[in-house]
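Q: Structure provided below as C-alpha cells; questions to follow.
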Amino acid sequence: MSFCLSVDACVFQLSIQSTDDDGEDEYSIQQHITTMQQMHKSNGDVTDRMAKTYSHRRELIISGAKLGDVLQMYPALKDETQVYS
C-alpha cells in the first residue's frame with residue numbers, strides 16, 4: 001500500500017493502475033468529479049455519478065488519501081444520503 005501526498009498524486013497513481021470494475025476510465029472519472037463539484041447537491045445526476053465513481057473513491061481511501069482531499073474531490077459525500085448510497 002502506498003500513500004498519496006496530494007489529490008493529484010493519487011489521481012495519477014490510480015490512473016496508471018487498472019481501470020475501475022465499473023468500466024470507467026480515468027478520463028471519465030475526472031469528468032464525473034468535475035461535474036459533481038459544479039452541481040447543486042439536490043441534482044439527481046449526482047447520485048448516478050457517485051455510483052459511477054464508487055471504485056475510484058474506494059481506491060483513494062485505501063491508498064491513504066486525506067479525508068479533506070477526498071471531500072474536496074467529492075463534495076457530495078458531505079450529504080448523508082450520498083454516504084449510504
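Q: Test Arg58 against the stated conditions and say whether it is in a helix (DSSP H, G or I), basic (Lys, Arg) and modelled with pLDDT of 90 or more.
A: yes
Q: From the residues in region 52-69 that are of a type in the set (Val, Ile, Thr) and surrounded by fewer than 16 Cβ atoms within 10 Å (Cβ to Cβ), which one is nearest to the chain's Cα centre (by Cα)?
A: Looking at residues that are of a type in the set (Val, Ile, Thr) and surrounded by fewer than 16 Cβ atoms within 10 Å (Cβ to Cβ), I get Ile61.
Q: Any chance you could count how many residues in region 61-85 are modelled with pLDDT of 90 or more, among the charged types (D, E, K, R) and in a helix (DSSP H, G or I)?
A: The qualifying residues number 1.
The values are calculated or read from the model by the stated rules, or taken from the named source; none is laboratory data. In this text, all values refer to a predicted model and were calculated from it rather than measured experimentally. Counting neighbours? That spans all protein chains shown, and the Cβs are built from the backbone with ideal geometry, glycine included.
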